[in-house]
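Read-outs: derived from the displayed coordinates by stated rules, not from any lab. Predicted model, so just to flag it, every value in this text is computed and none were measured. We place every Cβ from the backbone using ideal geometry, glycine too, and count neighbours over all the protein chains shown.
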Amino acid sequence: MRWTRALISTLRDDPQEAEIVSHKLMLRSALIRKLSGGLYTFLPLGLRALRKVERIVREEMNRAGALEILMPALQPSELWEQSGRLAAMGPTMFKLKDRAERLMALGPTHEEVVTDLITREINSYRQLPCTVYQVQTKFRDEIRPRFGLMRAKEFIMKDAYSFDTSLDAADRSYQAMYDAYVRIFQRCGLRAKAVEADTGDIGGKWSHEFMVMAEAGEDGIVECADCSYAANQERAERQLPPAAVTGATPAVQEVSTPGVRTMEQVAAFLKCPPTKLIKTLLYLADGKPVAALVPGDRDVNEHKLKRTLGAKRLELADEATIRQVTGAAVGFAGPVGLTIPIYADQALRGATACFTGANKDDTHLGNVDLARDAQVTEYLDLVIVGAGDTCPRCPGTLRVARGIEVGHVFKLGTKYSEAFQTKYLNEKGQAELMVMGCYGIGVTRTLQAVIEQSHDADGIIWPAAVAPYHVALLLLDPKDAAVTAVAEKLAAELEAIGVEVLLDDREERPGVKFKDADLIGLPFRVVVGAKGLAKGGVEIKARTSKEFQVVPAEQAAARIAELLAPAPQVAPPTGL
RNA sequence: CGGGGUGUAGCGCAGCCUGGUAGCGCGUCAGCCUUGGGCGCUGAAAGUCGAGGGUUCAAAUCCCUCCGCCCCGACCA
C-alpha cells in the first residue's frame, strides 16, 4: 500500500480531547477519529489492526472448539423481561420502538438471545457440550464514555456462551475458554493477568477477569506479594488480624459533638484513633433501608454488600431516608437502637469501647460494645481491601495496582437456563437444566490496551501479530526514478511473500517520514534512499531498536522475511 | 445525575478582564529552494468565534438560557 493512497493523516500535536497515551496515539497516528462522545470511526490503519485482533480471537475460539454464530444487535425487549434483567440493565440499554410500537433494545450483551436460541436448538444430551461465540457490536448507554475506545457507547465484543450437562462439564468448558484467553492475549503481545472478579449484573457465582496491567486502567487489582492470589478490588478479601481481647466496657455514654460529622472530624474531636470508631452507612437495597458498619478507617465495598444481600440495586440512602430511619441528620447515624437490618464487617465482631453516631443530632455514643448494645443482623466481609492488608490465602501482604479489563469469564450456573427453561433430555429421558458459562473479550478495548502497554515517547510499538502492516518502507527520494524503482521492486517482492508493506511515497522531507514511521510504529522500518543505495543498500531497522543493518537491495526481502518470521507466525490453529 | 474544566480555521492555541467587527503556530493548496530526524522563503484558500436570546450605536468580548466535549464518582468488555 502506498501512503499517498492510504488515508493516513497523522497529527503533530496531541488532540485536546485525549487524556491517556493510547488514546492520544490512536488519534495522532490516524487509527481512529471521533464522531461523538464514545463513538469512533476506524480509519484504514486502525481497522487493519482491529481485524488482526479479531482474527486471533477467532482462531483461538475455533481451536477451543467454539462455534461462530452471529446474533442480532437489535433485540425485542420481552427477552429482557424474561430474564429479569430489564431492571438491572435497564438504564444502560439503548431502547427504541419499531413502527408497531414494539419496544426494542440495542443489545448491550447477548445472554438472553443465546439462551433463547439454545433452548430451541438443543434437546438432547447428545448435542452437549456446546459453546458458541460471536464477534458483534454492542451498545451501552454508558454513564460516562471515557478514554477513546476504552469505554465507548458502541464497541466490538467477542462473546461466547457454553452449555453443559453438569457443573463438572461446565468447569471443563470454562477452563477451555480460560486457556484460550491466555493464548489470545499472549498472541496479541499483551502482558495480561487473570484475577478473581465480581460477577456484577451478569450474575453467576465465579468469574475471572483478564487484566492488562497499566497505570491508566480503570480497575484496582489487589495481589499478594508472596503467593499467586490476585483479585479485583471489588471482590478482594483479606485475612483478619487476631481479635484483641478486651475487658468489660462501661455503660454507653452520650457525647456532645456539635457539627462533627466525618470520621476525620470525629476522630480529631474525640482524640481517638479512627480504628475505635464505627462508621455507619445507610443504604437502600432494592428500596429498603439497611445499615452497613465498618471500622472508622475503612470504606464500604458496595459490590460485596450488594452481592451478599442479593440486591438488584444498591444506593446510598438520601437525606430524607436517613432522617426518617435514624431521627438525626447525616453524620450521626449509629447502630444502637436501629430497627432496620444491620450488617457489620467481620472485623467488628467483638468490638468494644467504640464510638458511634447516636442517631441524635450533634451527638455520638462512647463505650459502645457492639454485641451488647446493638442488634447486628449479620457479620459479613464488607470492606474495601487495600495495600497492607493480609492475603486471604497466605500470611503475605497485599498490594494494589491498576489494570484494564480486557476479558471476563463467568461460571453462570443455571441463572439463565432457569429463566428460559433451557433443558435437555438426559440418558434416562429426564429433562434437566443446562449449566451455562459466558465469556467476553472487549476487542476494541484490547486493541487500545496493546497501545497503552506498548509505546514509547515517539509513538506506538506494534507487536507484529496485530500491526496494521509489517513494514514501513520509506522511499526518501520519490523524484529519483532509480531509487523509486528499487523501493517499488522491494515492496512488490515483500508483498509476494506475504509481508504487508506500507510504502511511504510522499514528497516529504526524510525527517517527516522518520517521525511518522516512529509514530505509527510498524515493527520494521526499511529505508530506501539515494545515499543509502550509494553506500551499499537499504537500511532495515526494528521499531524497538536504535541499530539498523544495511543490506543489498536484492537481498532485502529475504532478510526482512527472516526477521519477521518468528514474531507474527504463532502456531496455526488445529482443528478438523 | 453530582462536582470541576473547556468550546475561536483541519490540529494546538492567543484575543475576552478594559466591547470598535478576528489573529499566531502547525497542517492544506501553488511556487521556489532544499533533501538522512517534523528545513527555509514567497504567495493563497480556509472561521455561522458551540447555539439561541438579551444589553449596546457597536458583542468573540458583558448578561441569561441551552448544547457539545474533557476530567473526578456510580456503570463495565
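Modelled spin labels at A:L167 and A:N367, positioned 7 Å past Cα toward Cβ, are 5.0 nm from each other. Between A:D299 and A:V182, what FRET efficiency follows from the Cβ-Cβ distance if R0 is 41 Å, with the result rounded to 0.05? FRET efficiency, A:D299 to A:V182: 0.80. Here A:E81 and A:R559 are evaluated by their C-beta separation; at R0 = 60 Å the FRET efficiency comes out at 0.45. Working from Cα pairs under 8 Å separated by at least six residues, relative contact order for region A:469-564 is 31 percent. When peptides A:65-76, A:122-133 are sorted by average Cβ neighbour count within 10 Å, with the highest value leading, the order is A:122-133, A:65-76. With the highest mean first, a sort of the peptides A:443-451, A:484-492 on other beta-carbon atoms found within 10 angstrom per residue produces A:443-451, A:484-492. The mean sequence separation of alpha-carbon pairs under 8 Å and at least six residues apart, normalised by the residue count of chain A, gives a relative contact order of 17 percent.
With a/c under 1.5 counting as rounded, go ahead and sort region A:1-70 into rounded, prolate or oblate using the C-alpha gyration tensor (a ≥ b ≥ c being the square roots of the eigenvalues; past the cut-off, prolate if a/b is larger than b/c, else oblate).
prolate
Over region A:253-380, the reciprocal of the mean inverse Cα-Cα separation, the Kirkwood hydrodynamic radius, stands at 14.3 Å.
Couplings 3J(HN,Hα) for region A:184-192, derived from phi with the Karplus relation 6.51 cos²θ - 1.76 cosθ + 1.60 (θ = phi - 60°), are 4, 5, 4, 5, 6, x, 9, 9, 10 Hz, where x marks Gly and Pro.
Treating each Cα of region A:324-413 as one equal point scatterer and applying the Debye formula with no solvent, the log10 of I(q)/I(0) at q = 0.10, 0.11, 0.18 Å⁻¹ comes out as -0.43, -0.51, -0.90. Protection proxy ranking of A:540-547, A:346-353, A:293-300, by the mean of other Cβ atoms within 10 Å over each peptide's residues and highest first, is A:293-300, A:346-353, A:540-547. For A:E121 and A:A248, the difference between the fully extended length at 0.36 nm per residue and the C-alpha to C-alpha distance is 39.1 nm. Spacing of the modelled spin labels on A:A492 and A:T275, each 7 Å from Cα toward Cβ, amounts to 7.8 nm.
Across region A:253-380, C-alpha contacts under 8 Å between residues 6 or more apart give a mean separation that, scaled by the residue count, equals a relative contact order of 28 percent. Rounded to 0.05, the FRET efficiency of the A:E101 and A:E17 pair, given R0 = 56 Å and the Cβ-Cβ distance, is 0.90. In sequence order, region A:28-35 has phi-based couplings of 5, 8, 6, 8, 9, 9, 7, 8 Hz under the Karplus curve 6.51 cos²θ - 1.76 cosθ + 1.60, θ = phi - 60°, and Gly or Pro positions carry x.
In terms of the ratio Rg/(2.2 N^0.38 Å) built on C-alpha atoms, what value belongs to region A:469-564? Mind showing how you got there, number by number?
Numbers: Rg = 11.8 Å, N = 96, 2.2 N^0.38 = 12.5 Å.
The reported ratio for this selection is 0.94.
Among A:T484, A:P523, A:G511, flag the residue with its Cα farthest along the positive direction of the charge dipole of region A:469-564, charges on Cβ as +1 for Lys/Arg and -1 for Asp/Glu. The residue sitting farthest along the positive end of the dipole is A:G511. If the viscosity is 1.306 mPa s and the temperature 10 °C, what translational diffusion coefficient in µm²/s does Stokes-Einstein give for chain A when Rh comes from Kirkwood over Cα pairs? Estimated diffusion coefficient is 58 µm²/s.
Taking 7 Å steps out from each Cα toward its Cβ at A:T41 and A:D456 produces label points 3.3 nm apart.
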